[in-house]
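Visitor: Below is a structure I'd like to ask you about.
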Amino acid sequence: MSDAENAQPEGIRQHRFVPPPGATRVFVVRHGESEAEVPGKPFPLRDGHGDPALHPDGERQAELLADRLQSEPIHAIYVTTLRRTHQTAAPLAARLGITPVEEPDLREVFLGEWEGGIFRSKAIDNDPVFAEIFRQERWDVIPGAEPHDDFDARVWRGFQRIVAAHPDETVMLVAHGGVIGHLLHRVTESRRFAFSVADNASISEVVAGPDRVILRRYNDVNHLAPLNGG
């Protein structure tokens, strides 16, 4: 009997994840670092939302993001109505020859009286309302801010629209910290703010299949090592 005939079967190996048929793989990217707030000079607004451009470091983050994702089989790129997402997506879109599509429902949460960059000053000043946001894990404790239920509905609606358009495909979505935190809360059924600290230009990965939606990766920033001395 030959050695091949004497060999015992290896047995059942560990399962390697493969997206199920019809699933959409979504790279959920937070926009690059936006320009600094200057007290007394609020950011320009678009549809009521603060609309800063990218900081020069954010522009470099966008190039490094493109380096990281340019070999992925990305079929579409989605951005929001705010320019920092457009600027973050631009280097990869140019390399892949893809025109980004706006998804208005995934714009950042509306911060009411704290729009235009005021949120940053309130955080630095330890405003008691700022602490209450994180105690209650909802944004609408800010005066005039978007009601929680409205924010929840539109974020999920925008995400589901993208998924429905891309079965068996991979897409990139460039969005905002508040949106990403809420989206991943819905995906994982976690606390509302469990994923509220995504870094600028970080990559999270969601796989949305016909039967379930799972988080495969969160806050991957390995591509940003050159900016951090790595």
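The values are calculated or read from the model by the stated rules, or taken from the named source; none is laboratory data. Source: prediction; values computed, not measured. Because the Cβ atoms are built from the backbone with ideal geometry, glycine has one as well, and the counts that use them run over all protein chains shown. These area figures cover heavy atoms from the full protein model, side chains too; ligands, DNA and RNA do not enter into them. Shrake-Rupley method; radii C 1.70, N 1.55, O 1.52, S 1.80 Å.
Visitor: If I take every Cα pair under 8 Å that is 6 or more residues apart in the chain, average their sequence separation and divide by the length, what percent do I get for the relative contact order?
Guide: 29
Visitor: Taking GluC sites (Glu not before Pro) that fall in a DSSP loop and have at most 14 other Cβ atoms within 10 Å as cut points, what is the longest piece of the chain between them?
Guide: Result, exposed sites excluded: 11-188.
Visitor: Something else now. Taking the Cα centre of the range 134-230 as origin and charging only Cβ (+1 Lys, Arg; -1 Asp, Glu), how large is the dipole, in debye to the nearest 20?
Guide: My answer is approximately 140 debye.
Visitor: For the range 60-69, in order, what is each residue's ³J(HN,Hα) by Karplus, 6.51 cos²θ - 1.76 cosθ + 1.60 with θ = phi - 60°, in whole Hz (x at glycine and Pro)?
Guide: 5, 4, 5, 5, 5, 4, 4, 4, 6, 9
Visitor: For His49, His75, write out the residues from largest to smallest accessible area, computed with a 1.4 angstrom probe and no ligands counted.
Guide: His75, His49
Visitor: Before rounding to the nearest 500, sum -39500 (n - 2.57) across all DSSP H runs of length at least 4 in the chain and divide by the residue total; then give [θ] at 222 nm in deg cm²/dmol.
Guide: When only DSSP H runs of four or more count, the value is -10500 deg cm²/dmol.
Visitor: In whole Å, what are the extents of the range 135-179 along the principal axes defined by its C-alpha atoms, from largest to smallest?
Guide: Its Cα atoms span 41, 17, 17 Å along the three principal axes.
Visitor: Give me the accessible area per residue for the range 16-78, probe 1.4 Å, as a whole number in Å².
Guide: Per residue, the range 16-78 has an accessible area of 50 Å².
Visitor: In addition: What is the Cα radius of gyration of the range 1-126 over 2.2 N^0.38 Å, N being its residue count?
Guide: Compactness ratio reported: 1.64.
Visitor: Quick check: Cα centre of the range 54-73 to Cα centre of the range 105-181, how many Å?
Guide: 23
Visitor: Next question, about the same structure. What FRET efficiency comes out for Ala165 versus Asp125 if R0 is 41 angstrom and r is the Cβ-Cβ distance? Round to the nearest 0.05.
Guide: Efficiency computed from Cβ-Cβ geometry: 0.45.
Visitor: Calculated from the structure, Cα Rg over 2.2 N^0.38 Å equals which of [x] 1.29; [y] 1.17; [z] 1.03?
Guide: Among [x] 1.29; [y] 1.17; [z] 1.03, the one derived from this structure is [y].
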